[in-house]
Amino acid sequence: MTHKTLIKISLLLVLMLTGPLSAAYAQKGAAMKGMVRDEFGKPLVGVAIRSANGNNRSVTQKDGSYSIDVNDGSDRVVFSYLGYADQSVPYRKGADVDVKMLADGHYGDQTIHMGYTDQKLKDVSGAVSVVTGDELRKSPVASLSQALTGRLTGLYLDEYQSEPTREKLYAIGRGLHTQNYNTTPLVVIDGIPCSYNANESYQYINANEIETVTFLKDASTAALYGIQGANGVLVITTKRGQPGRTKIEASFDQSFQQWITHPRIYSSWEYATMRRQAAINDGLSGDQLPFTEEQIAQFKSGENRELYPDNDWYHMFMKRLSSQQRVNVNVSGGNDNVRFFSNVSFLHQGSWFKTENEEYKSNPNFTWFNYRTNVDVKLNKYLSGYVNLSGNIRRERTPDNATYSLYGIYQSLFIVPPTTPGPLTPDGKVVVTQDYDYPAYGRLNRAGFTRTTVTNINSQVGLNLDMSFLTKGLSLSGVFAYQTNANGYHITTQSYEKYRRTDDYDVLEFVRKGSDIDTPLSVSKGSTEYYHLDGIVHLDYARRFGRHSVSAMGYMLYQSLSQQYTGSGANNLNYKRLHSGFQATYGYDDRYLVKFDLGYSGSDQFARDHRFMATPSVSGAWVASNEAFLRDSRWLTLLKIRASYGKTANDLLDSQRFSYMDDVRLKMLATPSEHSLFVNVSGERMSRQGFWKIIKYYQEKAQIDKDITPHTLRHSFAAHLLENGADLRSIQEMLGHSDISSTQVYAHLVKQNLKSVYNKYHPKA
């Protein structure tokens, strides 16, 4: 299914669901209405209103007024607002009922979205952090991870490349963890885990789309997610429409970004002085010194900058300010039967480098487009459904076609000495140094550029069945989700001539360095596409009996990931996951809480005989502030003592998996009786000659001039082991040498290598 086809289907579904809106508006009856104010009499906007059974909803308007028609059999209406205790009042049809909301100092009645379940914050016995979308939208930043920085304890931001779109969130784990593994938390968006390219899936959700972001930090909250919960769980809940008049919001942000700190830039005479002193400290003298006293004096005087330059490369190529524009429009509204929320946003982030090549516009440039529509439909008294459609397109352009391109540009700003002339020779050739061939000017204006386009399309269809006709508090939910991620790249490459200055500082002369010549742009393209299918069903039960509260939830989740790759490089194999879990909680008198979680999940990432594992956890909490002796304390709002124990797991310890044994080899075997590990295309034992042909094929493909044989790889294997400290006996065992003297040959080679290193780099060699 193509992206265009999927978009057409999504739009058709939206039209089908939103079509009945006008007719539904006419079905309003005599509703209960009134005003909602805080304890100081100020009207509250956006207070969520729902019937006790949860099937009828509304929200307060700008003046604090509300109206709600209850037809699901509820005898009470609940008013909820962040930072205030929930207010439950009797439903009086056609009456005017004013409500006063009281501040809740510890947000005890705040509902926490925990992915598969919802809980009151006061009933949570594990470690969680919550931030609202309204708070996130205040940050004038490009990505969601940047907006989350410093707002959720337990997460930290790593800008692992210099591009503004190259940051990731990592978890600061609790408890004991396996070393050297992926520490990115699992991302769950509206109840669906993003198991592939999670950073791409959530990174560019606009803050205007978000209701809340919750970080589940310990085993008692993450164990339910099985083999994906080891690093914590980041739960993102998007906004839903509220009954009432259609509301349109629009905003435009213009911001400027500036470097907070600037590096200390040394002048040419300071640099030359330090280089000379360093050489003296190394025992050099006379002609061995890089600069003479006379040359340093010339650098300091500044009388002849042509021969004795003083280049500040940092300020030469860096702008003082870069701009960012952000536009957002959302529409929401509905009634008791149909509710909708739609949001469209656009963001552009400008450049912070100075470039002069307009031929192919190499300057960094980043644009994002986001779209989301959430539609909720009440089908009858017991059955409701929803459709979520979202997508984003990110287009970025970076100079240079090398990996970590912007990192290389920043690096060159400090590696190239200020004593280097340029950036161009008098006839327009790029100036380089003896040891560095890629200065900032060349990377920005002569090396080509890379354009990347990332497209995400997500669709969800869900049904909720209120099973109170069997027993009160019982419900059944199911969600089907289809996600696509396409990452396309367009790389332009260009080589250019490079020249370095001669060693004579009395004249300005340059000599060509290397064999590169000026060439036109060459283009290469490729793409990676992911298709992700999810299906989840869960059964929920929640009741309160006097001072006792109980809840339980069981779920089953199926995930299937497939990948298509176009271009050069390796292809990842498809994989599947199967999750199931159970959760049970008990609370007494809002003081004592006990919770038990059990996750059971399996993955193709594990070996065939070890694919499934259980992840149990147990937690408890004592809300001491609700005890009689502390309940009326004016100096204390919340005192909760909690403890938890649990087991988590992670099937993303590495990018590798047991794919050859489980998928490739089994399909290639000629007969099940073949016990050889590596087999050929005929399904039989791979011969020495066959392995040699494979090596020769890839040698030619990689354009390697040296002769490579299977023994070459064996030789390198042993040499690398010895160079890094392995003992000869271990190497002998791995190579299968019967006599240790055969292995000692490698020790002789390593000694020769050490000798050559000493002669090349030691100043007194």
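Rounded to the nearest 20 debye, what is the charge dipole size of segment 269-349 about its Cα centre when +1 sits on each Lys and Arg Cβ and -1 on each Asp and Glu Cβ? Dipole size: approximately 700 debye. Sorting 507, 454 by the number of Cβ atoms found within 10 Å of their own Cβ, with the fewest placed first, yields 507, 454.
Calculated FRET efficiency, residue 380 to residue 259, Cβ-Cβ distance, R0 = 51 Å: about 0.30 to the nearest 0.05. Approximating the spin labels as points 7 Å out from Cα along Cα→Cβ, the residue 471-to-residue 95 distance works out to 3.4 nm. Length available on full extension from residue 509 to residue 703: 0.36 nm per residue minus the Cα-Cα distance, which gives 66.2 nm. Charged neighbours of residue 373, selected by a Cβ distance under 12 Å, balance to +2 (K, R count +1; D, E count -1). Converting phi to 3J(HN,Hα) with the Karplus coefficients 6.51, -1.76 and 1.60 and the offset θ = phi - 60°, segment 266-278 yields 8, 6, 5, 5, 5, 4, 4, 4, 5, 4, 5, 5, 5 Hz in sequence order, with x at every glycine or proline. Taking a virtual spin label 7 Å from the Cα of residue 745 along the C-beta vector, which residues in segment 708-727 bring their backbone nitrogen under 13 Å of it? Hits in segment 708-727 for residue 745 at 13 Å: 711-716, 718-719.
For segment 282-367, the alpha carbon convex hull comes to 225 Å³ per residue, rounded to a whole number. In segment 31-104, taking the dipole from charged Cβ atoms about the Cα centre, the farthest positive-side position among 52, 64, 94 is held by 94.
When 234, 561 are ordered from fewest to most other Cβ atoms inside 10 Å of their Cβ, what list results?
Working: 234 28, 561 21.
So the ranking, lowest neighbour count to highest, is 561, 234.
Any chance you could run the full-extension gain for residue 246 through residue 685? It's 0.36 nm times the residue separation minus the Cα-Cα distance, nm to one decimal. Can you show the working numbers first?
On the way: separation 439, 0.36 × 439 = 158.04 nm, distance 7.03 nm.
Net length gain for the segment: 151.0 nm.
Could you calculate the FRET efficiency of residue 590 with residue 78 from 1/(1 + (r/R0)^6), where r is the beta carbon distance between them and R0 is 22 Å, rounded to 0.05?
Numbers: r = 17 Å, r/R0 = 0.75.
Step by step, r from the Cβ atoms, then E = 0.85.
Volume per residue for segment 268-308 equals 54 cubic angstrom (convex hull of Cα atoms).
Lys and Arg at +1, Asp and Glu at -1: add these up for the other residues within a Cβ distance under 11 Å of residue 50 and post the number. Numbers along the way, then the final one.
Values: positive: 57, 76; negative: 72, 86, 336.
Charge balance in the 11 Å sphere: -1.
What is the distance in Å between the Cα centres of segment 36-50 and segment 280-342? Value for the Cα centre distance between the two parts: 50 Å.
Counted by Cβ distance under 15 Å from residue 37, the other residues give a net charge of -1, where Lys and Arg count +1 and Asp and Glu count -1.
This ranking places 472, 647, 62 by how few other beta-carbon atoms lie within 10 Å of each, fewest first, which gives 62, 472, 647. Taken along its three principal axes, the alpha carbon spread of segment 206-354 comes to 89, 41, 17 Å, from the longest extent down to the shortest. Which one of 278, 297, 308 is farthest out on the positive end of the charge dipole of segment 268-308, using unit charges on Cβ (Lys, Arg +1; Asp, Glu -1) and the Cα centre as origin? Farthest towards the positive pole: 278. When peptides 221-227, 42-48 are ranked by their average number of other Cβ atoms within 10 Å per residue, the highest-first order is 221-227, 42-48. Extents of segment 35-104, largest first, come to 33, 22, 16 Å (Cα atoms, principal axes, whole angstrom). In terms of distances greater than 28 angstrom between alpha carbons, the cross-link table entries 239/525; 239/576; 42/595; 472/595 yield 239/525; 239/576; 42/595.
All of the numbers you see were taken from the coordinates with simple rules; none came from a lab. Computed from a prediction, not measured in an experiment: that's the story for all the values here. Here Cβ is always computed from backbone atoms with ideal geometry, including for glycine, and neighbour counts include all displayed protein chains.
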